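Structure record follows, encoded as structure tokens.
What follows draws every value from the coordinates through simple rules; no lab data is involved. Keep in mind it's a predicted model, so treat the numbers as computed, not measured. All Cβ positions, glycine included, derive from the backbone under ideal geometry; neighbour counts span all protein chains shown.
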Amino acid sequence: MANHKSSLKRIRQTETRRLHNRYYAKTMRNWVRTLRATTDGTEAKEMLPKVQKMLDKLAKVNIIHKNKASNLKSSVMKHVNSLA
């Protein structure tokens, strides 16, 4: 167990951030999965900017790596373009 006040606070902060990051990472995965499962071109085109925005935001704050965000955006774009 931690012995210092600052380390106890750090444990609390870390847990809060972990849960926050986990929520947004899971939400992003669900959006990407939903978009990839979509077969309707117009619906996919409406979802695409939202998914791209979410990926960019998560990469900006290092919840996911910037290259992972780029790879996901690229693969999602290929899927949307194949529907059109």
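Couple of notes before you dig in:
- Test: residue in segment 5-16 that is surrounded by 12 or more Cβ atoms within 10 Å (Cβ to Cβ) and touching a residue at least 12 places away in the same chain (Cβ under 8 Å): no
- Condition met for residue 78 (free of Cβ contacts under 8 Å to residues at least 24 places away in the same chain and surrounded by 12 or more Cβ atoms within 10 Å (Cβ to Cβ)): no
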